[in-house]
Each structure stands twice: as structure tokens, then as C-alpha cells.
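Encoded as C-alpha cells, the structure appears first; notes follow it.
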Amino acid sequence: MIVILDFGSQFTRLIARRFRELHAFSVILPGNASLEEINKLEPHGIVLSGGPSSVYDAGAPRPADGVLEMPLPILGICYGMNYLAQHLGGTVEASPVREYGKSILTNYSGQLFEGIAGEVVAWMSHGDTVKNLPAELTVTCATSDTPIAGFEDYKTERYGIQFHPEVVHTPQGIKLLENFLSICQAPRDWRAETIIEDLIADIRAKVGADRVLLAVSGGVDSSTLALLLAKAIGDQLTAVFVDHGLLRLNERDEVEKALRPLGDLRVVDARDQFLEALAGVAEPEAKRKIVGREFIRVFEAQARDLAADGVKWLAQGTLYPDVIESAGGTGAANIKSHHNVGGLPDDLEFKLLEPFRLLFKDEVREVAKLLGLPEAIRMRHPFPGPGLSIRVLGEVTPEKVDILQRVDAIFIQALREYGLYDGVSQALAVLTPVQSVGVMGDFRTYSYLVALRAVTTSDFMTADWARLPLEFLEVVAQRIVNSVPEVNRVVYDITSKPPATIEWE
Ligand code: XMP
């Protein structure tokens, strides 16, 4: 596997994803992970990620002692390159021109660029630059503003690149990462078949004869997990679906219908419990934590009800990006604490079983396909665990949830009707606390503003806004204001992620 040491770049996880797309397993560790921790994983190579710091700052993050001396190929990206260059005897300075965005590489050569030809567009995001290198390091590329945009020493297998090969804006970056895998002689055996075998063996070893409770949401992750667990531990599994009152219109019935054939399923009506707990709370992180806490309370009650001696395990479809975004063990900034990770209460009565903790969404979809999950569930847009509570901005009330459910249903139904649903990765409506003046049938209205959002993305870590046809948006807006009287204005969100996120809270 490849170990990626994270120095805080928002793109670090993309590096891991790209390696996995190339069928090489890869994990992210904090930048200062100890030599012992890294050695335990027996990596074939190490990547030093980018990051917001400058290597010459006091307290700049650095790899632990001995890591850069490991007899393995090491690739430094951006901050990682600067750190490696400085460590090997080079100098790094603030550059007069901050390079941000697309650049063209000139004079590229060396092992990392093998098989790459023609114009190479490279995505840059740096304010520092390598000024001098010791003689044993060869410069491998430049740009018009950066004379040393890459280096290598093939004898000691040390490589540096100032640009980001992991982002789509560096189209040949994937080839470059593949070349690094070849240099590392990393096995390329990370495939859905082997993932399933490994997960099943792992689950059986962990769980033994214990009972497992699984939270299903009807989304692809937890449904796939239901299939996987049914295969691994059969009737030791009970799946629980909680109606927290923050679902989409008719969702409870749909999920029940779809999941009933998957095995032992309990549907719990906990609408009052969640809405009461959320009453008066406006702050997004607080709402997420409340929903997470109430979820666990419901499961604890279910577990007590199920078996006198209790249920030891709670299974969750937590994915790698959730783990990373909740800063679960990496240096990445905490953007949002996803309720199924950051919001767990301290007095948890369960041991957590999270078999997908190291998987990306597309990997789960591949697993789902092999396990035979129906297409309708497999290709469903994701829906956040806290549900509509984070789409009703500010305080959540039953009335507001009801308004949003009707708006959302119109939008999603229209997307399907116009054949646009499968072309976007996620679509949602947001009820804002903003009220604005309108006019309807000669009367003044003073009603809510809703926002529609649709995005395209392959990994949900970066996303672009979907270019839905204007005629379509017009129809949807009309239908919403005509049939939801509490709403008199509809806007469409045209921000990408970053700088925005997909959800508004
Ligand atoms: P953001 O808003 O972070 O969303 O760009 C990325 C993806 O994650 C979903 N999301 C969540 N899922 N619990 C979840 O289970 C959460 O708290 C949560 N917040 C966001 C979001 O719908 C999108 O698919």
C-alpha cells in the first residue's frame, strides 16, 4: 500500500482516491505519524501531501524523525515537495508571484513523466517555491513562473512536484501517479471482489457469535452493508430503519418496500422524539450532534428490546470521506462533523462496526453491484443522515419540514420526469429563513425563499453545480410557487464545492 502523510491540504483524500482508482490500496495518516505506525503498515511508498503552511515557518508541520530516511520511494507534492527539498539541502522561499490555477509545464523529463507527451497542464496552488537544489537532485519540470516545479533523485527514489497531480485539472496527473506506483512496485490488486472477501473475513473475526444491529437509511451505503452483513453473519443481524421525521416525502414507505426483502427489518417511528430534541436549536453543528445522539438512543432502546443480554455491535455505513472530514485521525480541518462520526455520544453502549470506514463511495457502489443490490437503490442520490434538519436552515419546526418536503418532492419528481435525475449526482432543496415580498393574484405575499441545488461530482469531495436547462428550472420554480403557498421565491445555487459545500449547513 501507499501511505499518504497529510499536511492539511484539502486535496489529500483525492490522492488516496486516485491510487485506489489505479487499484492500489492507500491510506492517509497524520503528517507527523510515527515511524513505528508507518512501518506497521508495510508501505511500498510514501507521499507527502500539500498543505497551507510554509516550510520555513516556526512550527511548520513535519514528518516524524526517520521517516524521510526510510528506504522507500517518497513523493512530495506542493508543501511536501518543498519540505523534502529543504530536508535534502535545498532552499525554499516565498515566490514573488503566487501561482494559482492552471500552468503549462516546460522541459519535463524523468521517471515520473515516463509515457507522458505533448502539452502538460498542471494545477498549481502555491506561494512558496524551491530556489536551489543540491547537485544530486535533478530538476524535472518548470513553468513560466517557477523554474523548479519538480525534481527527482532516482538513485534514492526521492521525487517532488510543485503542482497537484490528484486534481482533475491536471489531466495527465493520473499517469504520473501510476508511474509513482510502478516506481514503488506497489501491488495493483485493490478490486471489489477482494474487498468483499476481506470485509467478510474481517466482520466474522470481529463479531464472532454476537448480535449486530444495523442502522439502515435506505441509501446505498447502509443497504449495501445490510447485504454484506447478511452474507457474513446471517441471522445475527437485525436492521433498523428510523423515521426521524426528517425524511423526504413518502420515503418511509419506499424504503420499507425496498429493504423488506433484504432480511430482518424493523421500522421505528421516532418523529416526535427527534423534533422535540431539535426544538429551539439553530446552530448546524448542534443539530447534527442532536440527530446523532437521538439515533443512538433509539438504537439502544431497540437493542434492549431485542435481546435481554443486549446487542454488542452497532453497524454503520460510515465512509472514508466522513472519517476524513470529521478529522478522524488526519490533519484536515474539521469542515462538518458528519453525524455518524462526530456526533456520537461519549456514553455509547455499543461497539461500532464500520466495515466501509476505509472505502470511498464509488467503491461501495462496486461492492453493491457485485452483491446484487437493486439498481434503484444503488443509483439513488445520497441523502444525509441528519436528513432535512440540515436543509431547513436555522431552527427546525414540523411546519418547516412539511414545507420543504413538498418543495423537494416537486424538484426530484421533475428531475425524473425530464430524464435529468441520473445525470446529476445529488439534488436537493433548501428552506431558508429568508422571507421576501411577492405578489400573487393582486395580493401582496411575504413568504419563504427556497433554494434548489443540483451538483455533479464523482466523489462528493469536490463538486460542480449542474447546468440544468433554464426551461426546466422555470417549470420547477413555477410548480413550487403554485403548489406550495408558503413559498414565493425560488433561487438556483450556482456555487461549486469548494468554496461552498453541497449541503447548506
Ligand atoms: P457536503 O455538504 O459536506 O456534503 O459537501 C457532502 C456529501 O455528504 C452528505 N452529508 C452528510 N451525510 N451526515 C451524512 O450522513 C451528515 O451529517 C452529512 N452532511 C453532508 C451530503 O448530502 C453530500 O452527499
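The values are calculated or read from the model by the stated rules, or taken from the named source; none is laboratory data. From a predicted model like this one, the values you see are computed outputs, not experimental measurements. Because the Cβ atoms are built from the backbone with ideal geometry, glycine has one as well, and the counts that use them run over all protein chains shown. Heavy atoms of the whole protein, side chains included, go into the accessibility calculation; ligands, DNA and RNA do not. Shrake-Rupley method; radii C 1.70, N 1.55, O 1.52, S 1.80 Å.
Restricting 296, 203 to those that are touching a strand residue (DSSP E or B) at 6+ places or on another chain (Cβ under 9 Å) and touching a residue at least 60 places away in the same chain (Cβ under 8 Å) reduces the list to 203.
If the condition is being open to solvent by 30 Å² or more (accessible area, probe 1.4 Å) and of a type in the set (Asp, Glu), then region 395-423 contributes 395, 399, 402, 417, 422.
Here residue 241 meets each of (1) of a type in the set (Phe, Trp, Tyr); (2) under 30 Å from residue 399 (Cα atoms); (3) open to solvent by 10 Å² or more (accessible area, probe 1.4 Å) with one exception, condition (3). Those strands (runs of 3 or more DSSP E) of region 4-102 in which 2 or more residues are closer than 16 Å to residue 126 by Cβ, open to solvent by less than 50 Å² (accessible area, probe 1.4 Å) and touching a strand residue (DSSP E or B) at 6+ places or on another chain (Cβ under 8 Å) occupy 74-77. Scanning region 351-392 for residues that are over 19 Å from residue 457 (Cβ atoms) and either part of a loop (DSSP other than H, G, I, E, B) or among the hydrophobic types (A, V, I, L, M, F, W, C) (or both) yields a total of 17. Of the listed requirements (1) open to solvent by less than 10 Å² (accessible area, probe 1.4 Å); (2) modelled with pLDDT of 85 or more; (3) farther than 25 Å from residue 401 by Cα, residue 303 misses just one: (2). In the condition set (1) buried (at least 18 other Cβ atoms within 10 Å of the Cβ); (2) touching a helix residue (DSSP H, G or I) at 6+ places or on another chain (Cβ under 6 Å); (3) aliphatic (A, V, I, L, M); (4) at pLDDT 90 or above, residue 200 is compliant with all but (1).
Among the residues of region 103-119, the one identified as in contact (Cβ under 8 Å) with a residue 12 or more places away in the chain, open to solvent by 60 Å² or more (accessible area, probe 1.4 Å) and of a type in the set (A, V, I, L, M, F, W, C) is 104. If the condition is being open to solvent by 50 Å² or more (accessible area, probe 1.4 Å) and closer than 18 Å to residue 16 by Cβ, then region 140-168 contributes only 168. Considering region 450-464, and only residues there that are surrounded by 18 or more Cβ atoms within 10 Å (Cβ to Cβ) and part of a strand (DSSP E or B), the residue that is nearest to the ligand (Cβ to nearest atom) turns out to be 463. Considering only residues that are open to solvent by 60 Å² or more (accessible area, probe 1.4 Å) and under 24 Å from residue 497 (Cα atoms), look in region 424-439 and name the one that is farthest from the chain's Cα centre (by Cα). Restricting to residues being open to solvent by 60 Å² or more (accessible area, probe 1.4 Å) and under 24 Å from residue 497 (Cα atoms), the top hit is 434. Would you point out the residue of region 281-300, among those that are open to solvent by 40 Å² or more (accessible area, probe 1.4 Å) and assigned to a loop (DSSP other than H, G, I, E, B), that is nearest to the ligand (Cβ to nearest atom)? Top of the filtered list is 283.
Note on region 465-494: among residues that are under 28 Å from the mean Cα position of the chain (by Cα) and loosely packed, with under 14 Cβ neighbours inside 10 Å, the one that is farthest from the ligand (Cβ to nearest atom) is 469. Is it the case, given these coordinates, that residue 127 is assigned to a strand (DSSP E or B) and among the small types (Gly, Ala, Ser)? For residue 127, the condition - assigned to a strand (DSSP E or B) and among the small types (Gly, Ala, Ser) - is met. When region 360-378 is limited to residues that are within 14 Å of the ligand (Cβ to nearest atom) and open to solvent by 10 Å² or more (accessible area, probe 1.4 Å), the one that is nearest to residue 281 (Cα to Cα) turns out to be 361. Cβ-Cβ distances below 6 Å connect the following pairs, each with a first residue in region 418-437 that is in contact (Cβ under 8 Å) with a residue 40 or more places away in the chain and more than 16 Å from the ligand (Cβ to nearest atom), a second residue that is assigned to a helix (DSSP H, G or I) and not charged (D, E, K, R), and a separation of six or more residues or different chains: 418/472.
Every residue, every condition in (1) closer than 29 Å to residue 272 by Cβ; (2) in contact with a Gly (Cβ under 9 Å, 6 or more places away or on another chain); (3) among the hydrophobic types (A, V, I, L, M, F, W, C), yes or no:
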position: 419; (1), (2), (3): no, no, no
position: 437; (1), (2), (3): no, no, yes
position: 450; (1), (2), (3): yes, no, yes
position: 459; (1), (2), (3): no, no, no
position: 479; (1), (2), (3): no, no, no
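Annotation: residue 278 fulfils all but one of (1) open to solvent by less than 20 Å² (accessible area, probe 1.4 Å); (2) out of contact with any Lys or Arg (no Cβ under 8 Å at 6 or more places or on another chain); (3) under 11 Å from residue 244 (Cβ atoms); the unmet one is (2). Among the residues of region 440-449, those identified as assigned to a strand (DSSP E or B) and either within 12 Å of the ligand (Cβ to nearest atom) or exposed (fewer than 12 other Cβ atoms within 10 Å of the Cβ) (or both) are 443, 444, 446.
The single condition among (1) in contact (Cβ under 8 Å) with a residue 40 or more places away in the chain; (2) within 19 Å of residue 45 (Cβ to Cβ) that residue 156 does not meet is (1).
So, residue 351, is that one under 24 Å from the mean Cα position of the chain (by Cα), basic (Lys, Arg) and within 13 Å of the ligand (Cβ to nearest atom) or not? No.
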